[in-house]
Amino acid sequence: MKRVQYHRYGGPETMRLEDFTLEEPSQGQVAVKVKFAAINPIDWKLRNGLMKIVTGNAFPRAMGMDFSGTVISVGPGVTRFKSGDAVFGMARLKQCGAFGQAVVTKESFLVRKPDAVSFESAACLATPGVMAWIGLVDKARLQAGQQVFVNGCVGAVGEATVQIARMMGATVSGSCSAGDMQRARALGLQNVYDYRTTDLAKLGERFDVVYDTAAAMPLAVGLSLLRDKGVFLDLDPTPGKFLRALVSRRFKVIVCSANAENLDRVARAASEGRLQLPVGEIVPLTDAIRLIREVEAGKKIGGKALIAME
């Protein structure tokens, strides 16, 4: 089999499409034949070594977190899946491997793909959907009728956050580039601001939840937009931010940790047509490195970048 991997931490030049041998799934693990994999910023952050304290120094290392596919086999103790099941979910953070023809992951990192959701659409959902759920539900305890502001409202996590917040009965505003404002309004946002020309710190509105899905809003600005009991959510964790979050009830750092419950929520919302992310470009595995390079460099493709394995 083939997958995208690298033999040292570093930039795009380290990526190679190489042969590998798929491991047998062990206790609580599932082997999946990948149909589509979605590219996310976490993929090149891991390759760059930003989390090597977690991922370690064993090479070669595989790339790719989010995928859809069909179950090949299951390890001992797996009860939720069997061979042939259509699934989507996430690879293990330390091992990755979604940018390949097959991957082994934890049972709890997978969910059945709803029949109404295509494999292409399902591959886009895991990281953005889980990040949105963790922030809005687990951290901010969002309630119907509350006001939410999403910085970066047309990125993948941003769009998922907007859709899930509105599904829960919240009113949503947000910011994006001028070129994306029409797309943002189509998502149902109450107010949309051009982040390049608007001083968000001077907005007259105040919000129950401010979610910086673009990882670009200064902490002081985010906190200034909150109501008295509001919560500012930040998905760009650093040691300093974790320390700040320990002593502040108004500031929460979001780490993407998939589990069966969150993935079930995402799958249910997608099956009901309430959560769907646009696909911008699909390439075969043989062209994956080129697309990863371009998206990493900032290329805008109007949706998620997908790698097709067949």
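Since every read-out is calculated from the coordinates, none of them should be taken as a lab result. This one's a predicted model, so the numbers in the text were calculated from it and none came from an experiment. All Cβ positions, even for glycine, are placed from backbone atoms using ideal geometry, and neighbour counts span all protein chains on display.
Remark: relative contact order (the chain) = 18 percent; criterion is Cα-Cα distance under 8 angstrom and separation of 6 or more residues. A simple count of charges around residue 200, restricted to other residues whose Cβ falls under 14 Å of its Cβ and scoring Lys, Arg +1 and Asp, Glu -1, yields -1.
For 173, 257, the sequence from fewest to most other C-beta atoms within 10 Å is 257, 173. Over all distinct Cα-Cα pairs of the chain, the Kirkwood formula returns a hydrodynamic radius of 19.8 Å. Fewest neighbouring Cβ atoms within 10 Å first, the residues 3, 227 line up as 227, 3. Here is the link list: 202/229; 2/300; 33/106; 35/82; 2/33. Which ones come out longer than 21 Å on Cα distance? Listed pairs above 21 Å: 2/300.
Rounded, prolate or oblate, given the Cα gyration tensor of region 127-253, with a/c below 1.5 counting as rounded? The shape class here is rounded. Based on DSSP H segments of at least four residues, each scored -39500 (n - 2.57), the chain has a per-residue ellipticity at 222 nm of -6500 deg cm²/dmol. Relative contact order for region 38-163: 21 percent, from Cα pairs under 8 Å spaced at least 6 residues apart, divided by residue count.
When only Cα pairs below 8 angstrom with a gap of at least 6 residues are kept, region 127-253 shows a relative contact order of 22 percent. Counting only residues at least eight positions apart within a chain, or on another chain, the aspartates and glutamates with an alpha carbon under 19 Å from that of residue 139 are 159, 208, 212, 228, 234, 236, 261, 264.
Cβ crowding within 10 Å ranks 202, 2, 300 as 202, 300, 2, fewest other Cβ atoms first.
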